[in-house]
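Structure first, then comments.
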Amino acid sequence: MLTSFVDGIFCCFKGKSTNVVAPIESSEPTDGFEFVEVKPGRVLRVRHIIPDRPVVEEPGTGEGGTVSCKRKISVYRNGQLLIENINEATHPELVRYQNGDNTADMEVSNCEAPAGQATEPTAGSAAGLATDAKPAPQQQVQRRRRKPKRCIVIDCERKITCCKGSQPDVALFFIHGVGGSLDIWGSQLDYFSQLGYEVIAPDLVGHGASSAPQIPAAYTFYALAEDIRIIFKRYAKRRNILVGHSYGVSFCTFLAHEFPEQVHKVVMINGGGPTALEPSLCSVFNLPTCVLNFLSPCLTWSFLMAGFAHQGTREKKLLKENNAFNVSSFVLRSMMSGQYWPEGDEVYHAEITVPVLLVHGMYDKFVPVQEDQRMAEILLLGFLKVIDDGSHMVMMECPDVVNTLLYEFFLWQPATASKPKQEAASTKTTTKPPEDTARPKTAPKSPTKSQPDLIRPTTAPKAINTRTEASMDIRSKGKK
């Protein structure tokens, strides 16, 4: 710690960070590592593992099932979001949101009426008009005039198949968050590569062994998303599965929205709610770089306390060896201030038709479980799993449980070609896969913990705006 303080004082005089991430000098790929130049002078380290054993296409494994994805999304000027999950066999299912609160049924019934067409009152409403004749006509006129600001209709059918490691058209992408590196996926990369999957895990710019430009504009969301897009187009197969953690979930969402035909499934690990990204104005990361570098021991300790369920010797070793929070102060400050993505709101997430598995650590102090519940409500095909003994770095704390959940989700496919069943509730939009197909016979099981049940939230809590990696920053935003 004394060395860090001395480095911080030295940084104040020099005006730059002492920790500068640079690519490892290597002329050829070793141990599955490759260096990809996405732009001139912008080099990313990528771990690309191709299975050694011969890959054989298994007959009958690509049949799968077809799911009908039909929903209507209406956005009103007062901020209300109306989602109608349409099923041909039943009446349209209505899900109403207005800043996290439910709206009245009478308002929704009037919203469903076409523009310029009056809504017929029910028996109950007619009785109300007879008792109080003056205010009711004014209310009725106001409700009739309500028109959606924007309407989005989704009508498609998605084929969901079982993705096995022996199939050559399947690729797994792992994307880390702020302050981490591809090393946090060590257990997952080894596990799935041994099962025959082709895995790809990049280091974000400024992280791990990727290059670290010394300009803040290099770390905006759009610049990072363009890097991930180039990596995806370089290694993508016909069926691709995206696995993201924390801030990396936003890039998985971006790819799923941009490449709906190529992205087959998505896994979101402690990614937060479906809210647009916006940097916090009152954050410790807005301090000068030299001050952040001076406070780096405190930030590391804060990450250890909030990112892990336990703070023992094992967790400290994982934090150090896997580079879970090892990044220069300049990169950390630029990453946090560059989290601006206004397009990634609830409507953006509601348009995604890809099956999504949400994994949440119960003791996560960065991302509350209510945010992942909110995400499961908005997504058309979203399944939420909560791990009891995990926290923000759940894939490092409970690798066996996470690997089993992911493997089951990769192998899952609809039993029949029937339409997804939707529960008729006012605040639920998620569906649940059949239990017999969600647990494959060959999937390894955790020796300590049984699999948690699917959680279906009943409320729509308010989510924070920025997916952050420090407890003090999260708590300040949660109060807003």
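How much length would be gained if the chain were fully extended between SER68 and TRP301, taking 0.36 nm per residue of separation minus their Cα-Cα distance, in nm to one decimal?
Numbers: separation 233, 0.36 × 233 = 83.88 nm, distance 4.77 nm.
79.1 nm is the gain from fully extending SER68 to TRP301.
Given a 1.4 angstrom probe, I'd like the percentage of the accessible area of the range 207-348 that is carbon and sulfur, rounded to a whole number.
On the way: 3050 of 5260 Å².
Taking all protein chains in place, the range 207-348 shows 58 percent carbon and sulfur surface.
Please label the shape of the range 309-388 as rounded, prolate or oblate, based on the square roots a ≥ b ≥ c of the eigenvalues of the alpha-carbon gyration tensor (a/c under 1.5 means rounded; beyond that, a/b larger than b/c means prolate, else oblate).
Taking the square roots of the gyration eigenvalues as a ≥ b ≥ c, the range 309-388 is oblate.
Need one word for the range 154-254: rounded, prolate or oblate. Basis is the Cα gyration tensor (sqrt eigenvalues a ≥ b ≥ c); a/c below 1.5 gives rounded, then a/b vs b/c decides. Mind dumping the intermediate values first?
Numbers: a/c = 2.33, a/b = 1.43, b/c = 1.62.
Judged from the Cα gyration tensor, the range 154-254 comes out oblate (a/c at least 1.5, b/c at or above a/b).
Could you provide, to the nearest whole Å², the per residue accessible area of the range 140-270 with probe 1.4 Å?
Numbers: 4380 Å² over 131 residues.
The answer is 33 Å² per residue.
Between ASP169 and ILE50, what length in nm is gained on full extension when 0.36 nm per residue of separation is reduced by their alpha carbon distance? Provide the component values of the computation, followed by the final result.
Numbers: separation 119, 0.36 × 119 = 42.84 nm, distance 1.20 nm.
Difference between extended and current length: 41.6 nm.
Take the cross-link list LYS39/LYS316; LYS164/LYS385; LYS164/LYS317; LYS265/LYS385; LYS265/LYS365 and give me the ones stretching past 24 Å between alpha-carbons.
On the way: LYS39/LYS316 36 Å; LYS164/LYS385 21 Å; LYS164/LYS317 33 Å; LYS265/LYS385 15 Å; LYS265/LYS365 27 Å.
Result: LYS39/LYS316; LYS164/LYS317; LYS265/LYS365 exceed 24 Å.
The values are calculated or read from the model by the stated rules, or taken from the named source; none is laboratory data. Small disclaimer: the values here were computed from a predicted structure and weren't measured. Remember, those area values only see protein heavy atoms, side chains included, never the ligands or the DNA or RNA. Shrake-Rupley method; radii C 1.70, N 1.55, O 1.52, S 1.80 Å.
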